[in-house]
Amino acid sequence: MEAAEQEALLAAVVANSRDAIITRGLDNTIRSWNAAAEQMFGYAASEMMGKDILVLTPPELRQKVVLNRDLTMQGKGALDVETVRQTKDGQCIDVSLRISPARTTEGVLFCYSLIFRDITGQKKTLNEQARLAAIVGSSNDAIISRSFDGIILSWNAGAEKMFGYTSAEVIGQPIDRFVGSSDRSMLEENNKKLLTGEGKKGENRQVAKDGRVIDVSWSLSPIRDASGEIISVSIIFHDITGRNAAQAALKDSHDFNMSVLNSLSEEVAVVDLEGKIIAVND
């Protein structure tokens, strides 16, 4: 390939790139500005030629950028960073940036290329994932995920505390070894509902590793990937042992009081603090 053809090809690559590709001279002024840079930052090429590249940097980051710029100007090599840049309308966007020195065939440094990629969406997704992971990790409820074959995929700290098994003991194992004893037909029935997007709720008893019997309420929900496809199942267990014990104690107390009332020969009524009758012996 002749030199002219190679130059034309490289120019076409830069012009059609989805990444913002900018060159700046040794005086830090902008020398080239591709179409993707126009789209990303909102400035036309005619607005930016000869401007200091710092115009894209939020004021609070400019000192740090100048420091990084000085390091690259020492001519060592490319610098890769994740940072923030500012668009024409004042919006700050997260970007990955590669700064590379450009040299002549004789090795003389004459400018720098800057390749920007907008990662705002990726950062938002990662931050949301981190937030959700923190919620799951710190929850007192047992939050578990399983495959449609019933294999445990995740097991949070709440599950370790509730059931007594560590995540190392259970991940990759069939869920019915540790939670419940549902048979294959029940698993398949639940999977059919989940694949339609339906959830399922219920209450039952579970047995922990140390033999403790735990009353739980549970819910099954489908887990979707980024494209919306259902790929696995989440199960959340909430310990209701204390609640059930309190309800049982209240019922026992009520039954005892009624037995005492019914043993009396005279008619007796029980009233609340507002004077309403809440029980009468037979």
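The values are calculated or read from the model by the stated rules, or taken from the named source; none is laboratory data. Everything numeric here is computed off the predicted structure, so don't read it as measured data. Cβ coordinates were reconstructed from backbone atoms using ideal geometry, including for glycine residues, and neighbour counts include every protein chain displayed. Each accessible area value is taken on the protein alone, full model and side chains, heavy atoms only, with ligands, DNA and RNA left out. Shrake-Rupley method; radii C 1.70, N 1.55, O 1.52, S 1.80 Å.
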Go through the range 204-219 residue by residue and tally those that are in a loop (DSSP other than H, G, I, E, B) and surrounded by fewer than 11 Cβ atoms within 10 Å (Cβ to Cβ).
-> 2
Residue that is least open to solvent (accessible area, probe 1.4 Å), among those in the range 32-84 that are at pLDDT below 90 and polar (S, T, N, Q) | THR72
Criterion (at pLDDT 75 or above and open to solvent by 90 Å² or more (accessible area, probe 1.4 Å)) met by exactly one of LYS251, LYS201, LYS276, LYS193 | LYS201
Scan of the range 220-234 for residues that are open to solvent by 30 Å² or more (accessible area, probe 1.4 Å) and not in a loop (DSSP other than H, G, I, E, B), ordered by number = SER221, PRO222, ILE223, ARG224, ILE231
Is it the case that LEU97 is within 25 Å of ILE119 (Cβ to Cβ), at pLDDT below 95 and open to solvent by 30 Å² or more (accessible area, probe 1.4 Å)?
-> no
Does the range 166-179 contain any residue that is in a strand (DSSP E or B) and touching a Gly at 6+ places or on another chain (Cβ under 9 Å)?
-> yes
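One line per residue, one yes/no per condition, for (1) surrounded by 13 or more Cβ atoms within 10 Å (Cβ to Cβ); (2) of a type outside the set (A, V, I, L, M, F, W, C):
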| site | (1), (2) |
| --- | --- |
| THR120 | yes, yes |
| LEU126 | no, no |
| ARG131 | no, yes |
| ALA134 | no, no |
| SER139 | yes, yes |
| SER147 | yes, yes |
| THR166 | yes, yes |
